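The values are calculated or read from the model by the stated rules, or taken from the named source; none is laboratory data. These numbers come from a predicted model, not from an experiment. Heads up, the Cβs are rebuilt from the backbone with ideal geometry, glycines too, and the neighbour counts pull from every protein chain shown.
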């Protein structure tokens, strides 16, 4: 499907969050593994978790969910593609915070052992606005699906959902539903951070 430019961000400035950040020194002891795991995965602690820290049981659950979505070894989609899909979903939805989070990870210079992809600003812009040439039919289907589902879920046509997914995924000997599942859950990739839209952006 034709790419549609993302809506204007709802937040165009940095401000103090409505819910104040909790200092890491004050985090519940249960969050120590979350903080360590998060830093080891993406190289920094997203600001959203400083908000979720007020409810450690929620912070734990959300981190496990994000980690499992992005790092699931049984997934049909690789981590790099998932992160790009997350960035597109956030941009299409106009979520400045979540888009900034995904883009920071994609632009982060490559560092061994940390999720970092070293994308240039131009490469990232091409992904967001839909000018990037997909590497495969699978990628094309993924981006079509994520844009349609993010703009208007009923806009996910039968062609995107069934015909093209079936053709692309069966070529990899994977059940079509797996690719649809993976694309759907990739929409999550950072959207849970929308609570921080009025907060400062994550460090790169």
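For the reader, a short list of remarks on this structure follows.
- Residue in region 72-83 that is part of a helix (DSSP H, G or I) and surrounded by fewer than 21 Cβ atoms within 10 Å (Cβ to Cβ) present: yes
- Residues in region 98-111 that are buried (at least 21 other Cβ atoms within 10 Å of the Cβ) and over 23 Å from residue 148 (Cβ atoms): 100, 105.
- Output for region 112-162, where each listed residue is without any contact (Cβ under 8 Å) to a residue 24 or more places away in the chain, within 23 Å of residue 101 (Cβ to Cβ) and surrounded by fewer than 17 Cβ atoms within 10 Å (Cβ to Cβ): 112, 118, 120, 121, 122, 123, 125, 126, 153
- Output for region 36-71, where each listed residue is closer than 22 Å to residue 20 by Cβ, part of a helix (DSSP H, G or I) and touching a helix residue (DSSP H, G or I) at 6+ places or on another chain (Cβ under 7 Å): 38, 47, 48, 49, 51, 52, 56, 58, 59, 60, 62, 63
Yes/no per residue for (1) at pLDDT 90 or above; (2) more than 19 Å from the chain's Cα centre (by Cα):
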position	(1), (2)
4	no, no
30	yes, yes
34	yes, no
41	no, no
49	yes, no
60	yes, no
70	no, no
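- Taking the listed residues 94, 43, the one that is touching a strand residue (DSSP E or B) at 6+ places or on another chain (Cβ under 8 Å) and on the phi > 0 side of the Ramachandran plot is 43, with no other qualifying.
- Of the listed requirements (1) modelled with pLDDT under 90; (2) surrounded by fewer than 20 Cβ atoms within 10 Å (Cβ to Cβ); (3) under 21 Å from the mean Cα position of the chain (by Cα); (4) in a helix (DSSP H, G or I), residue 167 misses just one: (3).
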